[in-house]
Amino acid sequence: MSKRDWGIEDPAETYWFNTRTRAVEEGPQSLSVDRLGPFSSREEAARAEEIVAERARRWAEEDAAED
């Protein structure tokens, strides 16, 4: 998925959650292996792990429903 698909035009105006430091970053600053994102706001990035867990739960439910 591209940044445009996420509704984000300028990568410098994105927020990321660093899973190693547990900090929100403005723009991609750290190694990609340590980042979740991009997110369009600082608040979303701060909830990154919660958002990822919710998406994973929904995808698992959809996969189970297809079986």
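Tabulated data
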quantity: Listed residues 31, 36 arranged by accessible area, highest first, probe 1.4 Å; calculated: 31, 36
quantity: Environment charge at residue 46 (Cβ cut-off 13 Å; Lys +1, Arg +1, Asp -1, Glu -1); calculated: -3
quantity: Largest to smallest accessible area among 26, 13 [probe 1.4 Å]; calculated: 13, 26
quantity: Estimated FRET transfer efficiency (residue 23, residue 60; beta-carbon r; R0 35 Å; 0.05); calculated: 0.75
quantity: Principal axis dimensions, the range 23-67 - Cα atoms, whole angstrom, descending; calculated: 40, 21, 14
quantity: Net charge of Cβ neighbours under 9 Å - reference residue 37; Lys, Arg +1; Asp, Glu -1; calculated: -1
quantity: 22, 47, ranked by accessible area, largest first (probe 1.4 Å); calculated: 22, 47
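The values are calculated or read from the model by the stated rules, or taken from the named source; none is laboratory data. This structure is a prediction, so every number in the text was calculated from the model and none was measured. In this analysis, Cβ positions are derived from the backbone assuming ideal geometry, glycine residues included, and neighbour counts consider all displayed protein chains. For accessibility, only protein heavy atoms count, side chains too; no ligands or nucleic acids. Shrake-Rupley method; radii C 1.70, N 1.55, O 1.52, S 1.80 Å.
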